[in-house]
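I have placed the structure first, in the form of C-alpha cells, so that the comments after it can refer back to it.
The values are calculated or read from the model by the stated rules, or taken from the named source; none is laboratory data. Just so it is clear, the structure is predicted and the values come from calculations on it, not from any experiment. Here the Cβ is made from the backbone with ideal geometry for all residues, glycine too, and neighbour counts use every protein chain on show. SASA here: full protein model, heavy atoms, side chains in, ligands and nucleic acids out. Shrake-Rupley method; radii C 1.70, N 1.55, O 1.52, S 1.80 Å.
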Amino acid sequence: SPAVAALGIRLNQLGFLPGSAKWALVPAVAASRFSVIDVASGEEVYGGDLMPAATWEPAEESVQRADFSQLTRAGEYQLRVAGVADSRPFKIAEDAYVALNAASIKAFYFNRNSAELLAEHAGIYARPLGHPDTHVLVHASAASAERPEGTVIASPKGWYDAGDYNKYIVNSGISTYSLLAAYEHFPEFFAGQNLNIPESGDAIPDLLNEALWNLEWMLTMQDPHDGGVYHKLTNERFDGVVMPHEATSERYVVQKSTAAALDFAAVMATASRVLAKYEEQLPGMSARMLAAAESAWQWAQANPAVIYQQPEDIKTGEYGDRQLDDEFFWAASELYIATRNDSYYAASKAASTSATVPSWGDVRSLGWISLAHHRAQLSEVADQELIVGRIETLAKQLRSVWSGSAYGVTMQTDDFIWGSNSVALGQGMIFLQAYRLNGERDYLDAAQSTLDYVLGRNAVDTSFVTGFGQKSTLHPHHRPSGADGIEAPIPGFIAGGPQPRQQDKDDCPEAYPSAIPAKSYLDHYCSYASNEIAINWNAPLVYVSAALQVLTQ
Ligand code: G3I
Ligand code: 9MR
C-alpha cells in the first residue's frame with residue numbers, strides 16, 4: 001500500500017550512546033545489505049547484512065532490520081540502503097540522552113500550577129501565574145461534617161495533569177513516584193543536574209525540587225480530619241484553548257476515593273524516605289509525609305472500596321479505577337519499606353500479587369520495583385526470591401515478545417491504548433529493573449528499544465518527544481502549547497501516541513492518516529486521544545532516559 005511504501009529508514013532520531021544496541025528499520029526492499037556513512041567525510045564506516053524481512057503486526061508492515069551495534073565511535077552518521085533514501089543523520093555520543101532527560105523533567109516545570117514562569121527559566125515560554133488555587137471549594141461529593149459543601153480550602157502548587165488544567169491524585173501518584181524512583185536509583189546522575197528552575201542552586205537536586213512542587217500540593221489534598229484524600233481538584237468542565245491565567249472558573253475538590261488515598265499513601269511513604277536526608281533543608285517534612293501516608297492508609301482500611309463516581313456537574317477526567325488490589329499492594333509495600341513495620345508486608349499480600357507493566361490504573365509493579373531496590377535492607381518477613389522472581393518473570397515474558405518482533409520492540413497490538421507511548425516506556429522500566437537485578441545484557445538492549453521506539457523507530461516515523469528529533473510531534477493537545485502563539489511546542493513532552501479507537505474523531509477537522517493500531521496517530525491539536533501530553537507519560541521517559549544514560553557501558 002502507498003502508506004507502507006512511503007516509510008523510509010527509521011531509527012532513534014536522537015541517536016545512541018557508544019555502548020547502546022543500535023538498530024534501524026528498513027522497508028522490505030530488494031537490497032540485503034546496509035552501510036553506515038560518516039556525514040562529515042562521506043565515507044562508509046560500517047556495513048552489514050540486513051536481517052530477513054518479517055512483519056510487525058501492529059503496523060501491518062514488513063521490515064528488515066539493520067544492526068550496527070558494533071559501531072561505537074562518536075560521530076554523526078547516516079544509514080544507506082540501495083533503493084531507499086538515506087536515513088536522517090543521527091549521532092553517537094557520550095551524552096546522547098543528557099539533554100533529553102533534562103527536558104523531560106523541565107516539562108514538569110512548564111506544567112506547574114500556581115506559578116509564574118519567568119523568562120530567565122522559561123525563555124520564550126514565560127507566562128503569568130495561573131490557578132493560585134488558594135480559594136478551592138469543597139464539592140458536594142466531598143462534603144463532611146467538618147468540611148461542609150462550599151468550605152474554602154487552599155490547595156496550591158502541583159502540576160497540571162496533562163493538556164488540561166486540572167489536578168488528579170491518581171495519575172499524580174505514579175508520576176511523582178517514577179521521578180522519586182529515578183532519583184533513588186541514580187542519585188549521582190541527578191546530583192549534578194541543573195534544570196534552570198527557580199530552585200536551582202539550592203542544596204536539593206533539581207529533580208527532587210520539581211517533585212516537591214507536586215508533593216506539596218498532594219499534601220493539601222488530604223482532609224486532616226479523617227486522613228481521606230480527594231480524588232481530584234478541577235473545574236466543572238474542560239477549558240477552551242487558553243493560557244493558564246485566562247482559565248479562571250471555580251475550582252473544586254471532588255470526592256474522596258480509595259484509589260486516591262492509597263496512591264497518596266504510597267507516594268508519601270516513598271517521599272518520606274527519599275527526602276529524609278534533606279532534614280536540614282526541609283525540617284519536619286519527611287516525618288510529616290510519613291504520618292500523612294499512614295493516616296491515608298488507615299482511611300483506606302476503613303473505606304476499602306470507595307470507587308470514584310463522577311458527579312453529574314463535573315465533566316473532566318475520571319481516572320476511575322475499580323480494581324484496587326494493586327493500589328493496596330503498592331501502598332503497603334512502600335509503607336513497609338519506609339517504616340520497617342512487618343505488618344505492612346503482611347497487608348501487602350505479596351505472595352498473591354503478580355507483576356504487570358505499570359500504568360496509572362495498575363500500580364502493582366511500583367511496589368515490586370521499590371521492594372527489589374531495597375531488598376538487601378528488608379526484614380526477614382520479606383521473601384527475597386519472590387520479589388526478584390516477580391520482576392524477572394514479567395521481564396522474561398516481555399523479552400520474548402521483543403526478541404520475536406520484526407521491529408525489535410515489545411509493543412503488541414493490544415498495547416495500543418490511549419497513552420500507548422507510556423506502555424512502551426513502562427515496559428522499558430521493567431526491563432531496566434531486571435537488568436539492575438541480574439545484569440543480563442538483553443534487558444538493557446530491550447530497554448534501549450523502548451526509547452528507540454518513542455524517538456522514531458516506529459510506524460509513523462516520528463519522535464514523539466516535542467523538540468527532540470528532526471521529525472517530532474509539533475501540535476500536542478496541550479493548552480499552553482496551543483494558546484501561547486508560539487509555533488514550536490513547549491519542549492520535553494511526550495505525546496500519548498498511536499491507538500486505533502480515535503475517540504476524538506468528532507472533534508477533529510481532519511482524519512487520522514490510518515486506523516492501523518501503530519499508525520493511528522494524528523499530530524494535530526484536536527487529537528486528545530493520540531496527541532495529548534500527560535505527567536504520567538513523561539515520568540517513565542524521565543526514568544528510562546536517565547537509566548540508559550547511566551547504565552549503558
Ligand atoms: O481497560 C480497558 C482495556 O481492557 C481495553 O483493552 C482497552 C482498549 O482500548 O481499553 C481500556 O480502557 C481504557 C482506559 O483508558 C485504560 O487504558 C479506555 O478505553 C480509555 O478510554 C481510557 O483512556 C483514558 C482517558 O483519560 C479517557 O478516560 C486514559 O487512560 C487516561 O490517560 C486519560 O487521561 C486524561 C484525563 O482523563 C484528563 N486529562 C488528560 C488525560 C490524558 O489524556
Ligand atoms: O482537553 C480534554 C483532554 O484533556 C481530555 O483528555 C479529553 C478526554 O477526556 O477531553 C478533552 O476535552 C475535550 C472534550 O472531552 C470534548 N470536547 C472537546 C474537548 C477538547 O477540546
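Ordering 130, 480, 248 by the projection of their Cα atoms onto the charge dipole of the chain, which places +1 on the Cβ of Lys and Arg and -1 on the Cβ of Asp and Glu, puts 480 at the extreme positive end. Ligands, DNA and RNA aside, residue 186 has an accessible area near 10 Å² when probed at 1.4 Å.
Taking the C-alpha atoms only, the angle from helix 420-438 to the longest principal axis of the chain is near 90 degrees.
Relative to the longest principal axis of the Cα atoms of the chain, the long axis of helix 206-220 lies at roughly 40 degrees. Simple point charges give the picture: +1 on the Cβ of Lys and Arg, -1 on the Cβ of Asp and Glu, and for the chain a dipole about the Cα centre of about 720 debye. Selection among 512, 324, 37 by position relative to the dipole of the chain gives 37 as farthest towards the positive end (Cβ unit charges, Cα centre). Shape analysis of region 210-332 places it in the oblate category; the axes a ≥ b ≥ c from the Cα gyration tensor give an a/c of at least 1.5, with a/b not above b/c. Loop-located GluC sites (Glu not before Pro) in region 1-72 (DSSP state not H, G, I, E or B) with no more than 11 neighbouring Cβ atoms inside 10 Å: 43. Taking Cα atoms only, the orientation of helix 285-302 departs from the longest principal axis of the chain by about 80 degrees.
In whole angstrom, the chain maps to an equivalent ellipsoid with semi-axes of 38, 27, 22, each derived as √(5λ) from the alpha carbon gyration tensor and ordered largest first. Coupling constants for region 464-473 follow from the phi torsions by the Karplus curve (6.51 cos²θ - 1.76 cosθ + 1.60, θ = phi - 60°), and in residue order they are 7, 9, 4, x, 10, x, 6, 10, 10, 3 Hz; glycine and proline get x. Only Cα pairs under 8 Å and 6+ residues apart enter the sum, and on that basis the relative contact order of region 177-332 stands at 24 percent.
Separation of the alpha carbons by more than 26 angstrom is noted, of 471/519; 471/505; 277/396, for 277/396. Remark: accessible surface ordering of 461, 507, 523 (largest first) is 507, 523, 461, probe radius 1.4 Å.
Where the only charges are on Cβ atoms (+1 Lys, Arg; -1 Asp, Glu), what is the dipole of region 143-260 about its Cα centre, to the nearest 20 debye?
280 debye
Each of 225, 185 has its accessible area taken with a 1.4 Å probe; listed largest first, they run 225, 185. Hey, how many Å between the Cα centroid of region 285-335 and the Cα centroid of region 41-74? Distance between centres, Cα-based: 46 Å.
Each of 76, 120, 246, 312 has its accessible area taken with a 1.4 Å probe; listed largest first, they run 312, 120, 246, 76. Each residue was assigned an accessible area with a 1.4 Å probe, and for residue 137 the value is about 30 Å².
Only one residue of 267, 211, 186 has its Cα farthest out toward the positive end of the dipole of the chain, where Lys and Arg carry +1 and Asp and Glu -1 on Cβ, and that residue is 186.
Could you tell me which of rounded, prolate or oblate describes region 98-321, using a ≥ b ≥ c as the square roots of the eigenvalues of the alpha-carbon gyration tensor, with rounded for a/c under 1.5 and, failing that, prolate when a/b is larger than b/c and oblate otherwise? Judged from the Cα gyration tensor, region 98-321 comes out oblate (a/c at least 1.5, b/c at or above a/b).
Surface analysis of region 360-446 yields an accessible area of 36 Å² per residue, using protein heavy atoms and a 1.4 Å probe. Expressed as a whole percentage, what fraction of the accessible surface of region 255-329 belongs to carbon and sulfur atoms when a 1.4 Å probe is rolled over the protein heavy atoms? C and S atoms contribute 50 percent here.
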